[in-house]
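> Handing you this structure, nothing more for now.
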Amino acid sequence: MVPHVILLAYVVVACGPIALIVMNSLKSREAIFEGPFVFPTPDTFDLAGFETVFTRARFELYFLNSFIVTVGTVFLVLLLGSMAAFALAEYRFAGITLLSMYLAVGIMIPIRLGTVGILDLMVRLGLVNSLAGLVLVYTAMGLPLAVFVLTAFFKQVPGDLKDAARIDGASEYRVYALAVPLVRPGLAAIGVYTMLPIWNDLWFPLILTPSENVRTVTLGTQLFLGQFITDWNAVLAVLTLAALPMLALFIIFSRQFVRGLTSGAVK
């Protein structure tokens, strides 16, 4: 009984802010301040925030930019991370310990500490105000953890399967392709863990892509935040619309995500 109560309290604490955002996005400005914890009623129901978002801002473009950056980064992280993890799990070579330590350092040290150097590099490469620059930065941010986690999954792939494929004449790329489906829980876990902070990030879009044509959803939200006046209806509407894709993807891949996180914990 006690564990269920604790888990239920955690669900309320975790999902409460999301529920408040959705509820208040469907209410008038006066109703938001008078009763922020009250569900919208026929008298307080108002879609002014959503109308403002689609008339005053290029939300469709911001959404598309965020989608391109997120999907491109997840694809590169899973592809490059799985290939590197397969090599670390399968082969033994000089310097493998140092390489593993290097990846561990990449997990422990936040990439934002190198913002000045990253900005200088992006300027030299001509990738400022481009979605490609964001994709490269986020890929570098997600690779260390992806390689570290997927290496453990590839080590659990039966060696007999890989040896049989090699005996039949399969190349190492073919062996890798045969092993990838067996680590789907790990790929799903890394995919979800990678896409959430990228979709919600404001730091790098603010620094690397301030231009109107390459703004992301989170950066576009700043249009409705002012020093003296804030359009809370529009802000809550943007946050609601931005959260829907991530919630949908998490629900779809939740089973694989949980399996990936708990793999190896039980037999």
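The values are calculated or read from the model by the stated rules, or taken from the named source; none is laboratory data. These numbers were taken from a predicted model, which means no experiment stands behind them. Here Cβ is always computed from backbone atoms with ideal geometry, including for glycine, and neighbour counts include all displayed protein chains. Calculation scope for accessible area: heavy atoms of the full protein, side chains included, ligands and nucleic acids excluded. Shrake-Rupley method; radii C 1.70, N 1.55, O 1.52, S 1.80 Å.
> Just add up the charged neighbours of Y176: K/R +1, D/E -1, any other residue whose Cβ is under 13 Å from the Cβ of Y176.
Numbers: positive: K162, R166, R174; negative: E90, E172.
After counting each charged neighbour, the total is +1.
> Given labels modelled 7 Å from the Cα in the Cβ direction, how far is it in nm from F75 to V5?
Simple spin-label model gives 5.0 nm for this pair.
> Could you compute how much accessible surface L80 exposes when probed at 1.4 Å, giving the result in Å² to the nearest 10?
Number for this one is 80 Å².
> Kirkwood Rh, the stretch 1-156, all Cα pairs: how many Å? Provide the component values of the computation, followed by the final result.
Details: mean 1/r = 0.0498 Å⁻¹.
Final number for the Kirkwood radius of the stretch 1-156 is 20.1 Å.
> If you roll a 1.4 angstrom probe over the protein chains with everything in place, what fraction of the accessible area of the stretch 90-204 belongs to carbon and sulfur, to the nearest %?
Carbon with sulfur: 69 percent of the solvent-accessible area.
> Continuing with the same structure: Using the alpha-carbon centroid of each, what span in Å lies between the stretch 14-49 and the stretch 138-204?
Cα centres, the stretch 14-49 to the stretch 138-204: 42 Å.
> Sketch the reach of a paramagnetic label on L121 as a point 7 Å from Cα along Cα-to-Cβ, and name the residues of the stretch 75-99 whose backbone nitrogen lies under 15 Å away.
none
> Hey, another quick one. In the stretch 82-156, which chymotrypsin sites (Phe, Trp or Tyr not before Pro) fall in coil by DSSP and have 11 or fewer other Cβ atoms within 10 Å? Walk me through the intermediate numbers first.
Details: sites: F86, Y91, F93, Y102, Y138, F148, F153, F154; in loops: Y91, F93.
Counting only loop positions with at most 11 other Cβ atoms within 10 Å, the chymotrypsin sites (Phe, Trp or Tyr not before Pro) in the stretch 82-156 are Y91, F93.
> With a 1.4 Å probe and all protein chains kept in place, how do R174, R124, R166 rank by accessible area, largest first?
R124, R174, R166
> Send over the per residue convex hull volume for the chain, Cα only, as a whole number of Å³. Could the numbers behind the result be given before it?
Details: hull volume 49.5 nm³, N = 267.
Cα-based convex hull of the chain, divided per residue, equals 185 Å³.
> Okay, moving on. Using Cα pairs closer than 8 Å and at least 6 residues apart in sequence, work out the relative contact order for the chain, in percent.
Relative contact order comes out at 30 percent.
> Counting heavy atoms of the protein chains only and a 1.4 Å probe, report the per residue accessible area for the chain as a whole number of Å². The partial results should precede the final answer.
Values: 15760 Å² over 267 residues.
On a per-residue basis, the chain sits at 59 Å².
> Connecting C-alpha atoms closer than 10 Å in a GNM of the chain, tell me which of V69, V235, V105 has the biggest fluctuation.
V105
> Each residue of the stretch 71-81 in turn: what ³J(HN,Hα) in whole Hz from Karplus with 6.51, -1.76, 1.60 and θ = phi - 60°, glycine and Pro shown as x?
Using θ = phi - 60°, the values come out as 5, x, 5, 4, 4, 5, 5, 5, 5, 5, x Hz.
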